[in-house]
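*Asks:* There's a structure below that I have some questions on.
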Amino acid sequence: MAIWRRYARPPWWGEGLVVSPRLRAFYEACLPAALFYADLHCLGTHFLPSPSWFPAGFCVSQYHTAPSVGLSSPPSLPDFWAVLPHVFSGRVTFAATELLALYCALADLPRFGTDSSRYPDQLSRLADYFRQWPLGDQPMRLLDIGCGVGLNTLEIAALGVERLGSGLSILGVTPEPLEVWMAENRRLPHDPVRELRLRRYPPELPARFRAERFQELSGEEAFDVIVCNGLAGGRFLHECQDIARFLENCCRCLRPGGTIFLANHFHDGCRSACQRLLAEAAQRGFQISGDWQDACLQRM
Ligand SMILES: C[S@@+](CC[C@H](N)C(=O)[O-])C[C@H]1O[C@@H](n2cnc3c(N)ncnc32)[C@H](O)[C@@H]1O
């Protein structure tokens, strides 16, 4: 940073500074994001248990070229700092003891907003569903697609065991192995406040986590309920072919008579993709209730 400050003119990046095209270009001229991400990636392949654990959202390769940076990666260093927790802002060097928190932060960016208590209406509908489930029959099997670090999944599991006890089994899936690790170990090394909430969920809750994309769900396991919050209709799932694939795979995994619960806090720009998804689900024979931000799809 000392060298940076000697050669680079202010304004330097600081919390709240608007990242203008000029500032972006200036940082790119001094230290291109592609170069920095390539080093982060290279370090990650040594630090993480496997190269596949490097957060997919950053999809960079080891080559130091602009095309190696994924479209969803922040286009410059100031953009990178703006999406990270404050502790990493404005920094290009990190101590070895900070790396776990840094890579976890990259997999669980604050803008995802993953947390408990975000969908209270859906939670009360799930509580009704759990209450009506015939005890003593088959255990209820619930799949949470796009489970993030598991805060919402575990909240649902805690609610479900109150009524169903051992008659409940939950699987959360996300493409990020680091998110699976955080959910299983109840660790959020980059966010101590949310970690306290995550640690409140006891290890014996009947929730498992697996690194898997919705595109790859095989349908080998049949579920009675699918929950998918903060994913369908948003940046990861809005293309027509993805919506079709999502519904196809949900149909394959869901028992006849089963229900899909979909909720989000997306901005209005996502409304049309969410509505398209609901319309296509209706065409496939689902009975729809609710609206684009909080819907129930019952498989007839
Ligand atoms: C905004 S977070 C929502 C987390 C959680 N469901 C919640 O509502 O708090 C979106 C999640 O979807 C996951 N995701 C992205 N692409 C996915 C895919 N193709 N299949 C399954 N999950 C995906 C992300 O890794 C992230 O965990």
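*Asks:* Would you be able to say whether some residue in region 223-231 is open to solvent by less than 40 Å² (accessible area, probe 1.4 Å), within 11 Å of the ligand (Cβ to nearest atom) and in a helix (DSSP H, G or I)?
*Replies:* no
*Asks:* For GLY234, indicate whether it is over 14 Å from LEU171 (Cβ atoms), modelled with pLDDT under 95 and touching a Lys or Arg at 6+ places or on another chain (Cβ under 7 Å). Outline the logic, then answer.
*Replies:* On the way: over 14 Å from LEU171 (Cβ atoms): yes; modelled with pLDDT under 95: yes; touching a Lys or Arg at 6+ places or on another chain (Cβ under 7 Å): no.
Here the answer is no, as GLY234 does not meet what is asked.
*Asks:* Got a number for residues in region 172-202 being touching a residue at least 12 places away in the same chain (Cβ under 8 Å) and out of contact with any helix residue (DSSP H, G or I) (no Cβ under 9 Å at 6 or more places or on another chain)?
*Replies:* Final tally of qualifying residues: 3.
*Asks:* Report whether or not ILE260 is β-branched (Val, Ile, Thr) and within 15 Å of GLY230 (Cβ to Cβ).
*Replies:* Details: β-branched (Val, Ile, Thr): yes; within 15 Å of GLY230 (Cβ to Cβ): yes.
It is true that ILE260 is β-branched (Val, Ile, Thr) and within 15 Å of GLY230 (Cβ to Cβ).
*Asks:* Restricting to region 107-164, give me the number of residues that are assigned to a loop (DSSP other than H, G, I, E, B) and surrounded by fewer than 20 Cβ atoms within 10 Å (Cβ to Cβ). It would help to see each step written out before you state the result.
*Replies:* Step one: filter region 107-164 for residues assigned to a loop (DSSP other than H, G, I, E, B), giving 108-109, 113-119, 133-139, 146-150.
This time we only want the ones that are surrounded by fewer than 20 Cβ atoms within 10 Å (Cβ to Cβ), so: 109, 113, 115-118, 133-139.
Total satisfying the criteria: 13.
*Asks:* Something else about it: Closer than 28 Å to ASP191 by Cα and more than 16 Å from the ligand (Cβ to nearest atom): does that describe VAL149? Explain how you work it out, then say what you get.
*Replies:* Numbers: closer than 28 Å to ASP191 by Cα: yes; more than 16 Å from the ligand (Cβ to nearest atom): no.
Answer is no for this residue.
*Asks:* Do the conditions hold for ARG245, that is, is it away from the ligand (no atom under 12 Å from the Cβ), among the charged types (D, E, K, R) and either farther than 23 Å from GLY150 by Cα or in contact with a strand residue (DSSP E or B) (Cβ under 6 Å, 6 or more places away or on another chain) (or both)? Explain how you work it out, then say what you get.
*Replies:* Details: away from the ligand (no atom under 12 Å from the Cβ): no; among the charged types (D, E, K, R): yes; either farther than 23 Å from GLY150 by Cα or in contact with a strand residue (DSSP E or B) (Cβ under 6 Å, 6 or more places away or on another chain) (or both): yes.
When the stated conditions are applied, ARG245 does not pass them.
*Asks:* List every residue pair whose Cβ atoms sit under 9 Å apart, with the two residues 6 or more apart in sequence or on different chains, where the first one lies in region 9-23 and is assigned by TED's automatic domain parsing to the domain that holds ALA82 and the second, anywhere, is open to solvent by less than 100 Å² (accessible area, probe 1.4 Å) and of a type in the set (S, T, N, Q).
*Replies:* TRP13/SER89; GLY14/SER89; GLU15/SER89; VAL19/SER76; LEU23/SER76
*Asks:* Can you spot a residue in region 192-210 that is open to solvent by 50 Å² or more (accessible area, probe 1.4 Å), at pLDDT below 95 and within 12 Å of the ligand (Cβ to nearest atom)?
*Replies:* No, every residue in region 192-210 fails to be open to solvent by 50 Å² or more (accessible area, probe 1.4 Å), at pLDDT below 95 and within 12 Å of the ligand (Cβ to nearest atom).
Condition check ((1) in the same structural domain as ALA25 (by TED's automatic domain parsing); (2) under 19 Å from GLU162 (Cα atoms); (3) within 13 Å of the ligand (Cβ to nearest atom)) across all residues:
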position	(1), (2), (3)
SER89	yes, no, no
GLU98	yes, no, no
LEU126	no, yes, no
ARG131	no, yes, no
ASP137	no, yes, no
ARG141	no, yes, no
ASP144	no, yes, yes
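*Asks:* May I ask you to say which residue of PHE236, PHE261, PHE209 is part of a strand (DSSP E or B) and either closer than 21 Å to ALA127 by Cα or out of contact with any Leu (no Cβ under 8 Å at 6 or more places or on another chain) (or both)? Walk me through it before giving the result.
*Replies:* Details: PHE236 fails: part of a strand (DSSP E or B); PHE209 fails: either closer than 21 Å to ALA127 by Cα or out of contact with any Leu (no Cβ under 8 Å at 6 or more places or on another chain) (or both).
Exactly one residue qualifies, and that residue is PHE261.
*Asks:* Additional query: List the number of the failed condition for ALA38; all other conditions in (1) open to solvent by 70 Å² or more (accessible area, probe 1.4 Å); (2) at pLDDT below 90; (3) under 21 Å from THR97 (Cα atoms) hold.
*Replies:* Of the numbered conditions (1) open to solvent by 70 Å² or more (accessible area, probe 1.4 Å); (2) at pLDDT below 90; (3) under 21 Å from THR97 (Cα atoms), the odd one out for ALA38 is (1).
*Asks:* Would you mind telling me which numbered condition in (1) open to solvent by 70 Å² or more (accessible area, probe 1.4 Å); (2) within 15 Å of the ligand (Cβ to nearest atom); (3) at pLDDT below 95 GLU184 fails?
*Replies:* (3)
The values are calculated or read from the model by the stated rules, or taken from the named source; none is laboratory data. Keep in mind that what you see is a predicted model, and the values were worked out from it rather than measured. Reconstructed Cβ throughout: ideal geometry from the backbone, glycine too, with neighbour counts over all protein chains shown. The area values use the complete protein model at the heavy-atom level, side chains included, leaving out ligands, DNA and RNA. Shrake-Rupley method; radii C 1.70, N 1.55, O 1.52, S 1.80 Å.
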